[in-house]
Structures are given as C-alpha cells and as structure tokens.
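The numbers here are math on the coordinates, done by the rules we state, and not lab data. Keep in mind the model is a prediction, meaning the values are calculated, not measured. Heads up, the Cβs are rebuilt from the backbone with ideal geometry, glycines too, and the neighbour counts pull from every protein chain shown.
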Amino acid sequence: MSAERLYVPEAIIPVTYDYGIVYADLSASGDCYGVAVGEDAGAVLRIANSTGDVESVCNYFQQKRPDLPLSTVRHMAGQSLKSLFEEGLIATTREDPPTRTFDRADIWANQTPSDSSDLPGPEDLIPLSRQERHLALEALKTALHMEKLPVQKRIDLLREQRAQASSPASHEETVQAMLAIDSIRSTGRYQFKRVACLEMSASTLLYASQAMDRQLAIHLGFAFDPIHFHAWLTAKGKPVRVLEDPQIEGVYHSLYEI
C-alpha cells in the first residue's frame with residue numbers, strides 16, 4: 001500500500017452517527033447533507049482527518065479483525081479507501097482535492113419554505129463556521145440520545161448545560177441558534193428518531209450554551225381545540241418563532257419551564 005498522505009476535503013465533516021453517516025458542510029447554501037458510507041468508512045474518514053496516515057487506517061482494521069492475516073487486513077483497508085476516493089470524500093496530497101457535487105438526492109430533505117413572510121428563515125442565518133456546524137451536529141446528536149433518559153434526568157442535564165453559559169440570549173441570538181439547528185435538522189433522520197419541537201428546542205439550548213455562551217429557556221405547554229402539546233423557546237420571557245413555527249402567544253399555555 002502506498003505511503004501517500006490522506007486528505008479529507010474541507011467540506012466534509014467526519015462525524016458519524018450509529019449508522020455510518022458523514023456530513024458535507026455546504027456553508028454557501030446553508031445546507032448540510034448526510035452521506036451514508038457505513039461504519040468502517042466513517043471510522044476511516046475520522047482517522048484520515050486526524051492523522052492523514054494510511055498505516056493508521058490499516059491499524060484500525062487490524063484491531064477490529066485480529067483473527068485475519070495481515071494481507072487480508074491491508075486489502076480491507078485498501079478497499080475502504082478506494083470506495084471513499086470514488087465517492088469524492090477523500091484524496092491524497094499528491095492530487096487536487098476531489099470535487100463532489102451534492103444535491104437533494106443525498107439527503108432526506110425536510111426543509112420547506114415558510115408561509116409566514118414575517119418570520120426569519122434560512123436566508124437570515126449568518127453563515128456558520130466549520131466548528132459551529134460541528135457543534136450544531138453534536139447538539140442534535142446529544143439531544144436525540146437524551147431521549148433514552150428519564151424525563152427528570154433530561155431536564156436536569158439541560159438545566160446544568162444552560163447554567164454553564166454566562167448570560168441570557170437576546171431575541172436575535174435565539175433566532176440565530178434556532179436557524180443553526182434547523183439547517184442540520186434533516187441529519188437527525190439518519191438516527192431513525194423523532195425530530196420535532198422538543199428535540200429541536202433541546203438541541204438549540206445545547207448549541208446556544210456551547211457555541212454562543214448564551215442561556216435559553218424551553219417552555220412545555222398545550223393548546224385547546226384540539227388539545228395538543230408543544231415545546232418552544234423564549235428570549236427574555238417572549239416566545240421566539242422561526243420558519244413555520246406556530247403562533248404561541250394567545251394560543252399555547254405554558255405548563256413547565258426548563
């Protein structure tokens with residue numbers, strides 16, 4: 001196997017969920033696309049991003065399958081790298097960075113234009129840096145994994161995270177945090193989990209604390225006719241809405257604040 005160094009294009013965020021998903025961060029368009037590559041390929045991308053070393057990739061497969069001959073392990077590593085090269089997700093420093101064109105077929109898109117022209121939408125999102133997009137993905141991932149915990153434990157963890165931020169978020173900061181999470185919302189579907197108002201609110205609280213050093217409050221409440229429940233965010237006691245969020249004031253009644 002060649003001693004060439006490995007290069008992961010800037011647009012690729014080698015963060016994987018349980019099903020081997022990597023993300024293409026298209027800051028110019030404000031979208032984040034999920035690409036299914038499998039568990040091993042996701043691990044290879046992480047290794048390439050952190051070390052750029054082909055031998056480290058071989059070591060990964062050798063540790064995973066110590067029962068196999070070294071020649072077989074190296075073949076597995078080579079095949080994994082080859083598939084990533086063909087997908088345009090990895091390159092060597094001896095070549096120009098690969099150009100990968102992503103389109104809507106690469107994701108399960110769920111972003112739709114807002115019918116309310118007075119509400120902030122994707123076009124109002126200040127472009128995220130690579131680090132900010134990474135933190136948004138991690139916030140959504142954490143919020144979805146928290147679903148396995150008892151309700152009170154989830155509430156305690158969210159309050160602890162909020163307490164680590166230095167000051168309450170303004171209305172404008174809350175909007176930016178909500179739009180940041182909405183821009184990567186579709187990636188949560190690769191977890192095969194519900195991504196609705198409560199998960200989005202929890203993700204936004206986590207993101208605001210970690211990426212912006214700001215505190216957010218989540219309200220849990222209900223509306224009549226028909227009776228249904230909803231979670232929403234507030235800034236200085238006022239509900240904050242983006243995209244196609246429903247009307248809160250005069251419709252929903254707050255039962256609990258996180």
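Convert each backbone phi in segment 70-79 into a coupling constant with the Karplus relation 6.51 cos²θ - 1.76 cosθ + 1.60 (shift: θ = phi - 60°), then list the ³J(HN,Hα) values in order as whole Hz, x for Gly and Pro.
With the stated coefficients, segment 70-79 comes to 4, 4, 5, 4, 5, 5, 4, 4, x, 5 Hz.
How many nm is it between the label spots at Asp124 and His228, if each spot is 7 Å from the Cα in line with the beta carbon?
Going from the Asp124 label point to the His228 one covers 2.2 nm.
Which ³J(HN,Hα) values in Hz, rounded to whole numbers, follow from the phi angles of segment 50-56 under the Karplus curve 6.51 cos²θ - 1.76 cosθ + 1.60, where θ = phi - 60° and Gly and Pro get x?
These are the phi-based 3J(HN,Hα) values: 8, 10, x, 10, 5, 5, 5 Hz.
Counting pairwise Cα distances across segment 140-258, what percent come out greater than 26 angstrom?
Result: 14 percent of Cα pairs exceed 26 Å.
Can you list residues from other chains, or at least 5 along the same chain, whose modelled amide H is less than 5 Å from the amide H of Ala217?
Amide H to amide H, under 5 Å and 5 or more residues apart or across chains, Ala217 pairs with Thr234.
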